[in-house]
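Take a look at the structure below.
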Amino acid sequence: MVERKGLGHPDTICDALAEAFSRNLCREYRRRFGEVLHHNVDKALLCGGSAAPALGGGTILAPVVVYLAGRATTEVGNDRLDINAIAIEGSRAWVRENLHAVDSERHIKFQAVARSGSRDLQSLFAHRDRGSVANDTSIGVGYAPLSRLELLVLETERLINQKEQKATHLAWGEDVKVMGIRYGDRVELTVACAMIGKYLVHMDDYFAQVGAVERLVLDLAARHGFPDCEIHINAADNLDEGTIYLTVTGTSAEGGDDGQVGRGNRVNGLITPSRPMSLEAAAGKNPVTHVGKLYNVLAQRICTKLVEKIPEIATAQCLLVSRIGEPITDPAALEFKIATHDGFLADQLKRTIEDIAVDQLQDVDSIIEDFIEGSIGLF
């Protein structure tokens with residue numbers, strides 16, 4: 001069983017806005033002070049609005065309200081930053097870039113309430129004479145490779161939400177949710193795709209777009225080796241009652257759902273209850289010292305490297321534990337679970353596994369840069 005909440009899901013929106021806030025803070029800190037300063041802005045809450053969707057149009061009755069909160073360095077000497085302005089401007093920019101039917105000025109109201117951080121955590125951040133030190137005692141987990149079903153679920157949402165798809169299917173909103181269940185070789189996919197009323201004149205137009213989504217997903221499932229795939233698109237539609245998944249903006253945030261950071265996808269982009277999974281809300285945490293972010297990405301990268309570099313390894317799981325105040329490169333605990341091909345003894349790979357893990361831990365600075373550039377997915 002595998003789930004993914006897509007780009008326009010209220011929980012994913014919160015993750016994205018929190019991470020955009022952190023990334024923009026990092027860039028502004030560097031521009032003005034030459035280095036990333038302490039912050040953790042991993043608290044965001046989306047309160048859904050009210051809407052009256054309709055074929056051919058629809059109306060927003062009350063806007064979505066997004067609260068952006070957390071802790072951040074607000075001043076250095078006499079130089080003060082307006083961190084809340086950074087939060088709001090960055091959030092509007094993200095919405096304009098990613099939610100094609102949402103007006104970032106009229107449909108969403110942003111409330112930024114970030115405050116200055118605690119002195120003890122700022123002190124840990126400022127005195128990094130041994131390199132980056134953990135600002136929390138936390139756990140990170142990862143595994144590799146993704147299963148065929150996990151890849152299918154991940155790519156289903158990404159394919160529907162490709163910008164190329166939106167160019168030819170304007171009615172497809174970004175609020176896409178995919179649930180995949182595998183029974184042996186048979187797969188069942190339930191896909192929710194919010195449709196945008198102003199691009200649909202008649203009910204037939206709606207079902208034509210639902211059919212287009214179904215054909216796209218069926219083809220993708222076959223390419224992933226699942227020709228026996230049962231697909232349900234917008235399964236809550238009820239023709240007898242005349243209810244369909246219709247929206248004004250392409251997201252259920254307009255009236256049907258709320259959102260919060262950390263309630264959606266893990267750092268590999270999936271919700272996988274049968275796999276090792278952290279409950280950390282990684283988005284919005286600072287990328288320099290917060291192990292709730294770094295260790296989950298590191299654990300995943302280590303596992304991916306193990307599978308890529310050691311042909312005898314079939315699957316790998318990694319668990320990292322930090323201790324607050326200690327170097328990130330020196331975890332309090334590091335555990336692996338390895339499955340090998342053809343009964344190969346995992347003990348014979350111990351030294352190679354350790355070397356790869358150490359290399360990845362020592363390369364933490366490059367991960368920090370990837371976070372700031374926005375090249376690491378967290379949701």
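Inclusion of I338 among residues that are under 19 Å from Y143 (Cα atoms), part of a strand (DSSP E or B) and either among the aliphatic types (A, V, I, L, M) or without any contact (Cβ under 8 Å) to a residue 24 or more places away in the chain (or both) is warranted. Being touching a Phe, Trp or Tyr at 6+ places or on another chain (Cβ under 9 Å) and either buried (at least 22 other Cβ atoms within 10 Å of the Cβ) or farther than 23 Å from V267 by Cα (or both): is that true of A44 here? Yes.
Across region 271-326, which residue is surrounded by the fewest Cβ atoms within 10 Å (Cβ to Cβ) among those that are in contact with a helix residue (DSSP H, G or I) (Cβ under 8 Å, 6 or more places away or on another chain), more than 27 Å from L45 (Cα to Cα) and among the hydroxyl-bearing types (S, T, Y)? Per the stated criteria, the residue is T315. When D347 is tested against the conditions (1) in a helix (DSSP H, G or I); (2) within 14 Å of K309 (Cα to Cα), the lone failure is (2). Each residue in region 162-190 was checked for being outside any strand (DSSP E or B), buried (at least 16 other Cβ atoms within 10 Å of the Cβ) and without any contact (Cβ under 8 Å) to a residue 60 or more places away in the chain, and 3 of them qualify.
Within region 144-154, the presence of at least one residue that is within 20 Å of T12 (Cβ to Cβ), of a type in the set (A, V, I, L, M), crowded, with 22+ Cβ neighbours inside 10 Å and under 18 Å from the mean Cα position of the chain (by Cα) is confirmed. A residue that is at negative phi and touching a Gly at 6+ places or on another chain (Cβ under 6 Å) cannot be found anywhere in region 75-92.
Cβ separations smaller than 7 Å between residues 6+ apart or across chains give the following pairs from region 341-359 residues that are among the polar types (S, T, N, Q) to residues that are at pLDDT 95 or above: T352/I310. Taken together, E35, E28, E3 contain a single residue that is touching a helix residue (DSSP H, G or I) at 6+ places or on another chain (Cβ under 8 Å), of a type in the set (D, E) and modelled with pLDDT under 95, which is E35. Screening I367 with (1) of a type in the set (A, V, I, L, M, F, W, C); (2) under 26 Å from the mean Cα position of the chain (by Cα); (3) modelled with pLDDT of 95 or more gives one miss only, at (3).
The values are calculated or read from the model by the stated rules, or taken from the named source; none is laboratory data. Quick caveat: nothing in here was measured; it's all calculated off a predicted structure. Neighbour counts are summed over all protein chains in view; Cβ atoms, including those assigned to glycine, are modelled from backbone coordinates with ideal geometry.
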